[in-house]
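One structure is given below, encoded as structure tokens.
The numbers here are math on the coordinates, done by the rules we state, and not lab data. All values reported here derive from a predicted model rather than from experimental measurement. Note: ideal-geometry Cβ built from the backbone for every residue, glycine included; neighbour counts use all protein chains shown.
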Amino acid sequence: MNLNLQHWRVNLDAEGVATAILDKAGESANSLSAAVLAELGLILDAFERQAPKGLIFQSGKEAGFIAGADIQEFTQLDTAEKGRALVERGWSLFNRLAAVRYPTLAVVRGHCLGGGLELALACRYLLAVDEPGTKMGLPEVMLGIFPGWGGMLRLPQRVGPAAALDMMLTGKTIDARRAKRMGLADECVPPRVMAPAARQLLLSGQPRRALPALQRLLNGPLKAVVASGARKQVVKKARPQHYPAPYAIIDLWQKHNGNALAAPEVIDRIISSPTARNLVRVFYLQERLKSFGKASSFKAQRVHVIGAGVMGGDIAAWCALRGMTVTLQDQSLERMVPALQRAQKLFAKRLRDPLLARAAADRLIPDVNGDGVPHADVIIEAIFEDVAAKHALFKALEPRLKAGAVLATNTSSLKLEDLRTVLQRPERLVGIHFFNPVAMMPLVEVIQAEGADPGAVEAACAFVRQIDKLPLPVRSTPGFLVNAVLAPYMLAAMRAVDEGVSAETVDEAMLAFGMPMGPIELVDTVGLDIAMAAGKQLAGGADAPRCLISRVEHNQLGKKSGQGFYAWRDGKPTKGAAASVPPGLAERLAEPLIDRVEQLLAEKVVADADLADAGVIFGTGFAPFTGGPLNFRHSQA
């Protein structure tokens, strides 16, 4: 076929089976731009005139199948008409694809997200390739929008409405094996048999697996039951004034069978909302963080972690989970047992396969004598915060390091300039500062001291990306960025408690503002003793709040002791009812945090305002719908 296409290659074999390969020109990953969709329309036009025996869709990119719609085009939707046209373009085209008279199949290998999954859902068959990078999902809600190209119609038809809404309302992705179990994928095969398996399935003529009768009822006459349950779940996590998209998804599925064009006012409201604009901004901030370390050729295979406490043990477990061989050092095997037990739970939860979990556990090696040091590509010190102890450790480590290894500290409060004075090559030390809990927090601060080796900093960023975290380069200063901005925020919250506002009311004020956790609950989670120590260093010499002092004196240290501002049961705080939130309380509590961000930006602790916003969003959970603290202040001006 000669259609003179820029983004697609179409092949027709001797038996009449066609393959459409998407290889978007000038890009490393496929996305569905207007031009890509227009060319797909031309392909369907040609096969309307002369139908093939079947049509297989696959990717010409190493990066995956299709990452979704072209986000850049979304940022250019400055009128309601453009927004509706964007929805109509994909909705109509994929309905047309779903209606063709010949069999169609999508080969999903690598990421298949958003519009990419909507295209796959419009095919008769979906073949998932079983490898670690294969992930499927409809994450539009993370951008403050909805899957308007048929996802809200077809995903519930494939997997049932409860599972479909769970995917659409959380943005979570699933792997190839789970897609097969759920009924999203018709087959799940290893890469080596991908091509013959796709052809066999395409020509099999087999019907798709029918939804069980109850699921068909829930997707039809009993929709209201599912929708009501979904709304109750969403209300717990997202307030409609901050995040309107999940509520729109539920309504569009329940009332219009997923056809957003039947409710153009919803399209207009969602696409023009500040939330969508700010969440797209957050997406680009995340992509920028992902770019750090790309220029480095550094690739770690072996990691050595010193200190098997909660932080060190969890860093080691995370690195093993991500495929690295990890040696974990502490003074005795007994001290490492809790870390190894937590690691087993992490592997079981994340990998969901006993063989894979066992392989990860085998990669995590207790190492009392530090035998892993000379072989390690990355050495991370995670012992207690004491300069003298760290000096002794670094002096012993340096002669044993192999050439090119990254030497890092996970210190959260000490300056690197003070820690590296004992090193023969002080420029080699970098900070790689994780946040607790390691498995949940996406951000890792990469600390650069004065005169640090740029290559070591770049390699540290590359390592952070390799373990699927977001590196944020920051300059060495007490508290760096994230802890430095949290200190005045938590201090202001406790001052409000001193003034007679209940802890529950303070937390409710900030939850209503859009924070994922209230500041008093955060203090309890961090530990009141740690908050006291950090406050002395980061609060500029101000007196500690009375409510903090009295609790520390009574050894009420928060979650870890079972009692702080709240009583803790089974890892959760027991809270009373919040009183009516005083007007302006949330803004008053957020103000010192934002002031501190501006101050650190002025001091060049972080390079620019966008990176400051990115760090605070991904490091503290600062209300993403605002686009970050500095963006929020600018929008309020």
Compare the peptides 193-204, 127-138 by average per-residue count of other Cβ atoms within 10 angstrom and give them in order, highest first. 127-138, 193-204
In the range 8-272, what % of DSSP beta bridges are antiparallel (nearest 5)? 25
What is the distance in Å between the Cα centroid of the range 494-565 and that of the range 178-207? 54
Full-extension gain in nm, Arg358 to Asp23, via 0.36 nm per residue minus C-alpha separation: 116.8 nm
Loop-resident sites, the range 553-637, for trypsin sites (Lys or Arg not before Pro), counting at most 11 other Cβ within 10 Å (DSSP): Lys604
Which order do Asp377, Asp362, Asp418 fall in if you start with the one that has the fewest other Cβ atoms within 10 Å? Asp362, Asp418, Asp377
Kindly work out what percent of the DSSP beta bridges joining two residues of the chain are antiparallel, to the nearest 5. 25
Could you compute the FRET efficiency for Lys172 and Glu553, with r as their C-beta to C-beta distance and R0 at 56 Å, rounded to 0.05? 0.80
With +1 at each Lys and Arg Cβ and -1 at each Asp and Glu Cβ, the charge dipole magnitude of the chain around its Cα centre, to the nearest 20 debye, comes out at 2080
Counting other Cβ atoms within 10 Å of each Cβ, which trypsin sites (Lys or Arg not before Pro) in the range 345-447 have at most 14 and sit in a DSSP loop? Arg352, Lys402
Computed from the beta carbon distance with a Förster radius of 22 Å, FRET efficiency for Ala388 and Gln599 to the nearest 0.05 stands at 0.10
What is the set of long-range amide H partners of Leu32 at a cut-off below 5 Å, with H atoms built 1.01 Å from backbone N? Gly68, Ala69, Asp70
Dipole magnitude of the range 165-249 about its Cα centre (Cβ charges: Lys, Arg +1; Asp, Glu -1), debye to nearest 20: 240
To the nearest Å, what is the center-to-center distance of the range 411-440 and the range 133-169, using C-alpha atoms only? 41
Check each of the GluC sites (Glu not before Pro) in the range 557-637 and keep only those in coil by DSSP with at most 12 other C-beta atoms within 10 angstrom; list them in order. Glu603
Pairs from Lys395/Lys572; Lys172/Lys572; Lys237/Lys559 whose Cα-Cα separation, in the structure shown, is over 30 Å: Lys395/Lys572
With axes computed from alpha carbons, what is the tilt in degrees of helix 585-602 against the longest principal axis of the chain, rounded to the nearest 10 within 0 to 90? 80
Just the number: Rg to Rh for the range 302-480, Cα atoms, Kirkwood Rh, two decimals. 0.94
Place a +1 charge on the Cβ of each Lys and Arg in the range 417-480 and a -1 charge on the Cβ of each Asp and Glu, then give the dipole magnitude about the Cα centre in debye, rounded to the nearest 20. 120
Distance between the range 347-380 and the range 49-97 - C-alpha centres, whole angstrom: 42
How many nm separate the modelled label positions at Gln341 and Leu203, each set 7 Å beyond the Cα in the direction of the Cβ? 5.8
Suppose the chain between Asp498 and Ala607 were pulled fully straight at 0.36 nm per residue; how much longer would it get relative to their current alpha carbon spacing? 35.6 nm
(1) 1.80; (2) 1.04; (3) 1.08: which one is Cα Rg over 2.2 N^0.38 Å as calculated from this entry? (2)
Hull-based mean projected area of the range 483-604, where the convex hull spans the alpha carbons, in square nanometres: 7.5
Computed over the range 452-519, the relative contact order (Cα-Cα under 8 Å, seq sep at least six) in percent reads 16
Cβ density ranking, 10 Å radius, fewest first, applied to Tyr102, Tyr489, Tyr125 yields Tyr102, Tyr125, Tyr489
How big is the range 8-272 by Rg and Dmax over its Cα atoms, in Å? 17.8, 57
Ranking Cys188, Cys112 by Cβ neighbours within 10 Å, fewest first, what do you get? Cys188, Cys112
Computed from every Cα-Cα pair in the range 394-476, P(r) in 10 Å bins starting at 0 and rounded to whole percents is 19, 52, 27, 2
A chain fully extended from Gln636 to Ala403 at 0.36 nm per residue, minus the present Cα-Cα distance, gains in nm 78.8 nm
Estimated inter-spin distance, Ala577 and Glu265, nm [label 7 Å along Cα→Cβ]: 3.5
Principal-axis tilt of helix 245-256 within the chain, Cα atoms, nearest 10 degrees: 30
Residue-wise HN-Hα coupling along the range 457-469, computed from phi with Karplus coefficients 6.51, -1.76, 1.60 (Hz; x: Gly, Pro): 5, 5, 5, 4, 5, 4, 4, 4, 5, 4, 9, 6, 10
Under the rule of -39500 (n - 2.57) per DSSP H run of 4 or more residues, summed and divided by the residues of the chain, what mean residue ellipticity at 222 nm is obtained, to the nearest 500 deg cm²/dmol? -14500 deg cm²/dmol
